[in-house]
Amino acid sequence: MTRLFRLKRNRELAFVWALLIPALIIYLFYRVIPLLWNVVLSFSFWAPGKPLEFAGLYHYEEMVFFDDGFWIALKNTGVFMLATPVAISLALALALLVDQKIRGRNIYRTLIFLPYPMMVVAVGIVWRWLYNDSVGLINYGLRTFGIISEPIAFLESYRFAMISVMAAAIWQIVGFFMIIILTGLQNIPPHLHEAALIDGARAHHRFWRITLPLLRPSLFLCVILGVIASFTSFDLIYTMTGGGPGRETELLITYIYKASFTLSQFDYAAAMTVVMFALFLTLATIANRLSGGDAGKVDITD
Amino acid sequence: MATVEFRNLVKRYGSVEVVHGINLSINDGEFLVLVGPSGCGKSTSLRMLAGLEDVTAGEILIGEAEVNEVEPRDRDIAMVFQDYALYPHMSVYDNMAFSLLYRKTPKAEIRERVMETAEILGLTPLLDRRPKQLSGGQRQRVAMGRAIVRKPQVFLFDEPLSNLDAKLRASMRLEIKKLHRSLGVTTVYVTHDQIEAMTLADRVVVMNGGNIDQIGSPEEVYHAPRTLFVAGFIGSPTMNLLPARSNGNSTLSVAGQTLNVASRFTPPDEDRDLVFGIRPEDITLSAEDASGSEIEGLIDVVEALGPDTLVFVNVGEQHLIARVNPDIHPVTGQPVRLNFNIEKSHLFDARSGEALS
Ligand SMILES: Nc1ncnc2c1ncn2[C@@H]1O[C@H](COP(=O)(O)OP(=O)(O)O)[C@@H](O)[C@H]1O
Ligand SMILES: [Mg+2]
């Protein structure tokens, strides 16, 4: 034992492990084991209090061939995901704006960022009130300016429910994306813009050829966070619409929740979770490819 | 190629004035070096010429035309930055081709010019690499290539060699000099390094606190500095500058001793603070008092550099450096006589800093 610790390298390693182990234990019990259990569950028949029985691909077949609820939730999640490119474009525009030398830009930055750290449930409730047809501010505004004559129950309407929920999701995340992109903008050495200016590139050339390529890591991060948010926006949907009207705003995550905690189909819910995880991995891989690999990394020298 | 002119050029940031109305006229094809300590306004002046900073007052002319309001891209200049400012996501080829893309150059000609420039700078094998995959010296070359490929009217350099190690710096210096000789493009080069200034320049502009102290050939600023600042800034080791007073009879009182300077200048009669200047190489160590152009001191430190030897001498409160023949072997702690080559000495008014000779 003493010999083992005489080597400096071994002592350092022991120290590293000593620091890592508490976190790893928590990680093991809260992440690794549930995840593995989830995979096992997806190939089994199981209900609380019942023995585990091998089910093979039963749940997966059920999901793909017989459950249109799953397909609707999948389609809705895809639509909801379109909020990400919209939010990123908006965030990029805002970041470019507040990166200018304008008066009070720190106030704008703070205001735009503010929604992000708010509790999602609170955000959902506030937006539900904003969208309300009798007391909501949005209806009040639209009617005051004569844009509509009859109030619209946004969240109860088949036509507007999804887009209304997406608007709230964008509002909440856009500030966070803006901060990420702003950091990316400020990592671009100002000399690059000056060199391009002298080289004769006009503003739009500089945007497409310098700014955007060098923002790749930041944009990649936003895409991944956006995709994650679309798979996990349970709280927002649950407080605003609960998945309704009908199944209009039912996302995979809310559908999985209902399958497990309303219908107690834990095994079936587990199978859907595995599919969701696989989808996320696929999307993340595609995003990585599209951004040139290595999480969009560009080596900015000096 | 073109001439460049600054007329009463002023730059203010808010209420702080950093360039105080400088005048400068650069000849066609000239290699002009702006030199001065950090913060004296060299970069600011250069950036105004490039169009990257607004001109507060005064005029800048390139060729015959005033360019104060002209966009950088329309000034027909190229600039090399200290950090090179290479586009990190583009290959060496694309870095060099970038500026030609926006000048309506046909594809074939872009290719031809980039290849030609790459050949001149020895970059041909590196054309597909990214800046990150290059050494400091290679990046520096790409930055130069990007400037040359444009065939601009004026080259601007802002401390282009500061990020290189000493050896590479010396060889790039030589290369820049050769390039300028073969291309003959008007060049404005900013540096804080007086050796770069002396070796590269046709004319040196010494800046000090937002003003131009002297404009002249490297020889002129070295041998005939017009101000105390120029005298102290140009040359390494620096000129010995000693407080002095006039005795009224062609002699100066320097460090408590009397120095006969009649062969070079007549010190002013009135009693005012003066500074006597002598370069280290214009001092010899001598055994006996011969001409009255000597003072006595104690040898403090001896540094043998090889080609010559630096002798640090204390004269009363003052410290002097002499650069002497390496065959002489002075002994630390010994008294010594310093013989000044008065013909090459300088005298300044301590208050105004102006040269009196
Ligand atoms: N954008 C700026 N805002 C305020 N002051 C500046 C700015 N840029 C430079 N300065 C000041 O102007 C002076 C000259 O700077 P500069 O031209 O960069 O000096 P250098 O001779 O080292 O190149 C310095 O005192 C610097 O602090
Ligand atoms: Mg500078």
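Length gain on complete extension for the stretch A:ARG11 to A:TYR27, per 0.36 nm per residue less the alpha carbon to alpha carbon distance? Provide the component values of the computation, followed by the final result.
Details: separation 16, 0.36 × 16 = 5.76 nm, distance 2.43 nm.
Separation in residues times 0.36 nm, less the Cα-Cα distance, equals 3.3 nm.
Distances between placed amide hydrogens fall under 5 Å for B:GLN214 paired with B:VAL206, all partners being 5 or more residues away or on another chain. Amide H to amide H, with H built 1.01 Å from N, A:ALA55 comes under 5 Å of A:SER44, A:PHE45, counting only residues 5 or more places away or on other chains. Residues in the stretch A:201-215 carry Karplus couplings, in order, of 6, 7, 3, 6, 4, 4, 4, 6, 9, 10, 4, 4, x, 7, 8 Hz; the curve used is 6.51 cos²θ - 1.76 cosθ + 1.60 with θ = phi - 60°, and Gly or Pro positions show x.
In order along the stretch B:226-238, the phi-based Karplus estimate (6.51 cos²θ - 1.76 cosθ + 1.60, θ = phi - 60°) of 3J(HN,Hα) comes to 8, 9, 4, 5, 4, 4, x, 8, 8, x, 8, x, 6 Hz; Gly and Pro are listed as x.
Can you figure out the FRET efficiency of A:LEU20 with A:ASP235, using R₀ = 35 Å and their beta-carbon distance, to the nearest 0.05? Here the calculated transfer efficiency is 0.65. Listing A:ASP133, B:ASP327 from fewest to most neighbouring C-beta atoms within 10 Å gives B:ASP327, A:ASP133.
Working note: Karplus 6.51/-1.76/1.60 with θ = phi - 60° gives the stretch B:6-19 the couplings 9, 10, 6, 6, 10, 10, 10, 9, x, 9, 8, 8, 10, 10 Hz, where Gly and Pro are set to x. Electrostatic tally near A:THR241: other residues with Cβ closer than 15 Å to its Cβ, Lys and Arg +1, Asp and Glu -1, net -1.
Kirkwood hydrodynamic radius (Cα pairs, Å) of the stretch A:165-236? Spell out each step's value before the answer.
Details: mean 1/r = 0.0724 Å⁻¹.
That comes to 13.8 Å for the stretch A:165-236.
Between the alpha-carbon centres of the stretch A:93-138 and the stretch B:249-279 there is a gap of 76 Å. Exceedance of the 18 Å cut-off in Cα-Cα distance is limited, within the set B:LYS42/B:LYS167; B:LYS151/B:LYS178; B:LYS132/B:LYS178, to B:LYS42/B:LYS167; B:LYS132/B:LYS178. At 25 °C and 0.890 mPa s, grab the translational diffusion coefficient of the stretch B:113-263 from Stokes-Einstein with a Kirkwood Rh over Cα pairs, rounded to a whole number in µm² per second. Translational D for this selection: 133 µm²/s.
Divide by every residue of chain A the summed helix terms, -39500 (n - 2.57) for each DSSP H run of at least 4, and state the resulting mean residue ellipticity at 222 nm, rounded to the nearest 500 deg cm²/dmol.
Computed mean residue ellipticity for chain A: -20000 deg cm²/dmol.
Taking Lys and Arg as +1 and Asp and Glu as -1, the other residues whose beta-carbon sits under 13 Å from that of B:LEU24 total -1. Note on the protein assembly as shown: Cα-only Rg and Dmax are 37.1, 119 Å.
In straight Cα distance, which lysines are under 26 Å from A:LYS50, not counting same-chain residues fewer than 8 positions off? Cα-Cα hits under 26 Å: A:LYS258.
Distance from the Cα centroid of the stretch A:160-194 to that of the stretch A:233-302 is 21 Å (rounded to whole angstrom). Dividing the mean sequence gap of close Cα pairs (under 8 Å, 6+ apart) by how many residues the stretch A:67-290 holds gives a relative contact order of 30 percent. Taking every alpha-carbon pair under 8 Å whose residues sit at least 6 apart, the stretch A:210-302 reaches a relative contact order of 37 percent.
Below 8 Å, C-alpha to C-alpha, sequence gap of six or more: please give me the relative contact order for chain B in percent.
Working: 740 pairs, mean separation 54.9, N = 357.
Relative contact order of chain B: 15 percent.
Can you sort B:ILE234, A:ILE147, A:ILE198 so the residue with the fewest Cβ neighbours within 10 Å comes first? If you can, show how the numbers build up before the last one.
Values: B:ILE234 23, A:ILE147 8, A:ILE198 27.
Least crowded to most crowded, the residues run A:ILE147, B:ILE234, A:ILE198.
Since every read-out is calculated from the coordinates, none of them should be taken as a lab result. Since the structure is predicted, the reported quantities are computational estimates derived from the model, not experimental observations. Reconstructed Cβ throughout: ideal geometry from the backbone, glycine too, with neighbour counts over all protein chains shown.
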